[in-house]
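Asks: Before we start, here is the structure in question, set down as structure tokens.
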Amino acid sequence: MNIHYLQHVPFEELGSIEAELAGRGHRLTSTNLYKNESLPTVDNIDWLIIMGGPMGVYDEDQYPWLREEKQFIKQAIESGKVVMGICLGAQLIAAALDTKVYKNRHSEIGWFNIKRHPEAENTILSDAIPPQVEVFHWHGDTFDIPAGAKPLAFSAACPNQGFILDNRVVGLQFHLETTLTSAQALINKCRDELDGSVYVQSESEMLSDPQRFSRINQIMANILNCLEKQAHR
């Protein structure tokens, strides 16, 4: 399959997703929106992944490509493609589905538990997401659950941590693809956001246990496996 991903900044790459999908024999292509690269036609992709970034879905004046990107995401969804968004990517899916995206009450940065939502039980991800698990976060915004979608998870800081629509469109507010290397890159570029507030950890806290990254990367692999099966249907 041709799996296309949208990247918003140089330091938020695919992380563990790249090796996982390449190892399964898929072709990976990308649009680096921060370089003003052109989007492909939806017919030429089988699966769309939208990565994170420090901007908001509403920052169209500063990042004009956001308008076209949201239309492209909407077209991919309407064309029946498998679509997965991470953090900003999930917010962009929500916005493309005419769903409200807004500032969360708290910034959530670091390792915090999420709990699987009861409505996730009847989806393809019921076994991929543990009932409770510590995952990596880096976000200040959140979203409402799109019409017709089912919520996937929640945390103490953020009640809407993910959603799934038609068992093929997935938005994850949290990061399962993050590696030790990509976490360090994110910290280096966005250190000014580490304000010491209640749900914001220090750099040393975030990097203290490298095994954490292996655990979340395995959950991401499980989710990709579920979506791969959907894409083949």
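Computed from the coordinates by the stated procedures, all read-outs in this text should not be read as laboratory data. Quantities reported herein were computed from a predicted structural model and do not represent experimental measurements. Cβ placement follows ideal geometry from the backbone for every residue including glycine, while neighbour counts extend to all protein chains displayed.
Asks: Sum up the charges of everything whose Cβ sits under 15 Å from the Cβ of Ile45, counting Lys and Arg as +1 and Asp and Glu as -1, but leave Ile45 out.
Replies: Local net charge: -2.
Asks: Please list the helices of the chain that count as membrane-span-like by this rule: a mean Kyte-Doolittle hydropathy of at least 1.0 together with Cα atoms stretching 18 Å or more along the helix axis, each helix being a complete DSSP H run.
Replies: Both cut-offs are met by no helix.
Asks: Around Val83, with a cut-off of 13 angstrom between Cβ atoms, what is the net charge of the other residues, counting Lys and Arg +1 and Asp and Glu -1?
Replies: Taking every Cβ under 13 Å from that of Val83, the sum is 0.
Asks: So what is the 222 nm mean residue ellipticity for the chain from helices alone, if each DSSP H run of at least 4 adds -39500 (n - 2.57) and you divide by all residues, rounding to the nearest 500 deg cm²/dmol?
Replies: -8500 deg cm²/dmol
Asks: Could you tell me how far the Cα centroid of the stretch 1-44 sits from the Cα centroid of the stretch 213-227, in Å?
Replies: 17 Å
Asks: If all Cα-Cα distances of the chain are sorted into 10 Å bins from 0 onward, what percent lands in each bin, rounded to whole numbers?
Replies: Final binned percentages: 8, 36, 40, 15, 1.
Asks: Compare the peptides 220-229, 56-65 by average per-residue count of other Cβ atoms within 10 angstrom and give them in order, highest first.
Replies: Averaged packing, sorted descending, gives the order 220-229, 56-65.
Asks: Taking the Cβ-Cβ separation of Asn225 and Gln62 as r and a Förster radius of 35 Å, what is the calculated FRET efficiency to the nearest 0.05?
Replies: In this case the efficiency is close to 0.40.
Asks: Report the relative contact order of the chain, percent, no decimals, based on alpha-carbon pairs under 8 angstrom and at least 6 residues apart.
Replies: So the answer I get is 20 percent.
Asks: Sorting check: for 2-15, 202-215, which peptide has the highest mean count of neighbouring beta carbons within 10 Å, and how do the rest follow?
Replies: Listed from highest to lowest mean packing, they are 2-15, 202-215.
Asks: Would you mind counting up the charge near Thr31? Only other residues with Cβ under 11 Å from its Cβ, with Lys and Arg at +1 and Asp and Glu at -1.
Replies: -2
Asks: Which of rounded, prolate, oblate describes the stretch 104-233, given a ≥ b ≥ c as roots of the alpha-carbon gyration tensor eigenvalues and a/c under 1.5 marking rounded, otherwise prolate only if a/b is larger than b/c?
Replies: prolate
Asks: Let me ask you something else. In terms of modelled amide H atoms, which long-range or inter-chain residues lie less than 5 Å from the amide H of Asn104?
Replies: Amide H neighbours of Asn104: Asp141, Thr142.
Asks: Another question, then. In the chain, what % of DSSP beta bridges are antiparallel (nearest 5)?
Replies: Roughly 50 percent of the DSSP beta bridges within the chain come out antiparallel.
Asks: Using θ = phi - 60° and the Karplus curve 6.51 cos²θ - 1.76 cosθ + 1.60, what whole-Hz ³J(HN,Hα) does each residue of the stretch 5-15 get, with Gly and Pro shown as x?
Replies: 10, 10, 10, 9, 9, x, 9, 10, 9, 5, x
Asks: If packing is taken as the average count of other Cβ atoms within 10 Å, what order do 188-196, 47-55, 17-25 fall into, highest mean first?
Replies: 47-55, 17-25, 188-196
Asks: While we're looking at this one, here's another question. Rounded if a/c is under 1.5, else prolate if a/b is larger than b/c, else oblate: which is the stretch 153-203, with a ≥ b ≥ c the root eigenvalues of its Cα gyration tensor?
Replies: oblate
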